[in-house]
């Protein structure tokens, strides 16, 4: 039988002192959270009979996870980032906030400060044209009544044909496949880019190490990330996963949701390609419209304060 001491007054006093509850300095909120964390961790150790070796291997794992900057990847893979979306959905229903394009996870690879353009932009730097398929992406941003939202900022980013993102992949040029587009008077945005590739967790990284122990893969379908914002409207964090992908409904990060599948169309037409400035005869078209809710409060117009790369931009 497991010996349990976490509930004793001695240990409870220890955890309260360790969490700073015996002083009037620091953050009351952090103290409350820390007490819950250490108390629950102690109960897990007792209830599951965690051995000393298992405990210290877990500590080592957390060190390696942070050293590889993969904590943001792991929380997505364990469903926690998706849980935050589902929790917010439930809060919205309770508050009577309905409609609009579904939210989904941001992921850990956003970089602030991408070049800003009016209405239409080219996203790629041309370095992969020998292997990539040119993609024309466009759509309209509307409110929940169907009226176009002019002046909305569509901030989008996606991977290259190798499944890698600029900034994190130092072989790519700055802000390759990252742009911000201001919608025109009709609420429309247009982008020329390349069809992104799906990708997986690094096979030698701690996230995949964990997934292997869970008997799970670490693959994602090809997808395009979006932040969309406009004055008076609620900020939207979402992404569209591309139809036809192997992992479309088996995304290890649980980002695919109904209403967020992009029906990409591949075209083989030399004349049409020439008209659009594309070498060869093959290109892709993707149409995707968004709907923004009205902001219930001013702070709802802004994205979360989650730490991100180049946060100051």
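The values are calculated or read from the model by the stated rules, or taken from the named source; none is laboratory data. If you're wondering where the values come from, they're calculated on a predicted model, not measured in any experiment. Note that we place each Cβ from the backbone using ideal geometry, even for glycine, and neighbour counts take in every protein chain shown.
Return the residues of the stretch 297-309 that are farther than 16 Å from residue 157 by Cβ and surrounded by 13 or more Cβ atoms within 10 Å (Cβ to Cβ); say none if nothing qualifies.
Correct list: 300, 301.
How many of the residues making up the stretch 179-214 are without any contact (Cβ under 8 Å) to a residue 12 or more places away in the chain, in contact with a strand residue (DSSP E or B) (Cβ under 8 Å, 6 or more places away or on another chain) and farther than 15 Å from residue 71 by Cα?
Qualifying residue count, the stretch 179-214: 0.
Residues of the stretch 112-141 being part of a strand (DSSP E or B) and more than 22 Å from the chain's Cα centre (by Cα), which ones?
117, 118, 120, 121, 122, 134, 136
Which of the residues that make up the stretch 194-211 are surrounded by 23 or more Cβ atoms within 10 Å (Cβ to Cβ) and not in a loop (DSSP other than H, G, I, E, B)?
Answer for the stretch 194-211, where residues must be surrounded by 23 or more Cβ atoms within 10 Å (Cβ to Cβ) and not in a loop (DSSP other than H, G, I, E, B): 194, 207.
Mind checking whether some residue in the stretch 18-38 is touching a residue at least 24 places away in the same chain (Cβ under 8 Å), surrounded by 11 or more Cβ atoms within 10 Å (Cβ to Cβ), in a helix (DSSP H, G or I) and in contact with a helix residue (DSSP H, G or I) (Cβ under 8 Å, 6 or more places away or on another chain)?
Within the stretch 18-38, not a single residue is touching a residue at least 24 places away in the same chain (Cβ under 8 Å), surrounded by 11 or more Cβ atoms within 10 Å (Cβ to Cβ), in a helix (DSSP H, G or I) and in contact with a helix residue (DSSP H, G or I) (Cβ under 8 Å, 6 or more places away or on another chain).
Considering only the stretch 255-289, state which residues are buried (at least 20 other Cβ atoms within 10 Å of the Cβ) and touching a helix residue (DSSP H, G or I) at 6+ places or on another chain (Cβ under 6 Å).
283
Residue by residue, here is whether (1) in a helix (DSSP H, G or I); (2) touching a strand residue (DSSP E or B) at 6+ places or on another chain (Cβ under 8 Å); (3) closer than 17 Å to residue 194 by Cα; (4) free of Cβ contacts under 8 Å to residues at least 12 places away in the same chain holds:
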| site | (1), (2), (3), (4) |
| --- | --- |
| 217 | no, yes, no, no |
| 240 | no, yes, yes, no |
| 267 | no, yes, yes, no |
| 271 | yes, no, no, yes |
| 274 | yes, no, yes, yes |
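Does any residue in the stretch 86-111 that is on the phi < 0 side of the Ramachandran plot and in a strand (DSSP E or B) come within less than 9 Å, Cβ to Cβ, of a residue that is surrounded by 20 or more Cβ atoms within 10 Å (Cβ to Cβ) and modelled with pLDDT under 95 six or more places away or on a different chain, and which pairs are these?
none
With 152, 132 as the choices, which residue is on the phi < 0 side of the Ramachandran plot, surrounded by 22 or more Cβ atoms within 10 Å (Cβ to Cβ) and touching a residue at least 60 places away in the same chain (Cβ under 8 Å)?
152
Considering only residues that are in a helix (DSSP H, G or I) and surrounded by 15 or more Cβ atoms within 10 Å (Cβ to Cβ), which ones fall in the stretch 47-83?
Within the stretch 47-83, 65, 72, 73, 74, 75, 76, 77, 81, 82 meet the criteria.
Keeping to the stretch 168-191, report how many residues are part of a loop (DSSP other than H, G, I, E, B) and surrounded by fewer than 20 Cβ atoms within 10 Å (Cβ to Cβ). Even if it seems obvious, please write down each step before you answer.
Initially, the stretch 168-191 is screened for residues part of a loop (DSSP other than H, G, I, E, B), giving 168, 170-177, 183-187.
After this cut, where a residue has to be surrounded by fewer than 20 Cβ atoms within 10 Å (Cβ to Cβ) as well, the list is 168, 170-171, 173-175, 184-186.
Total meeting the criteria: 9.
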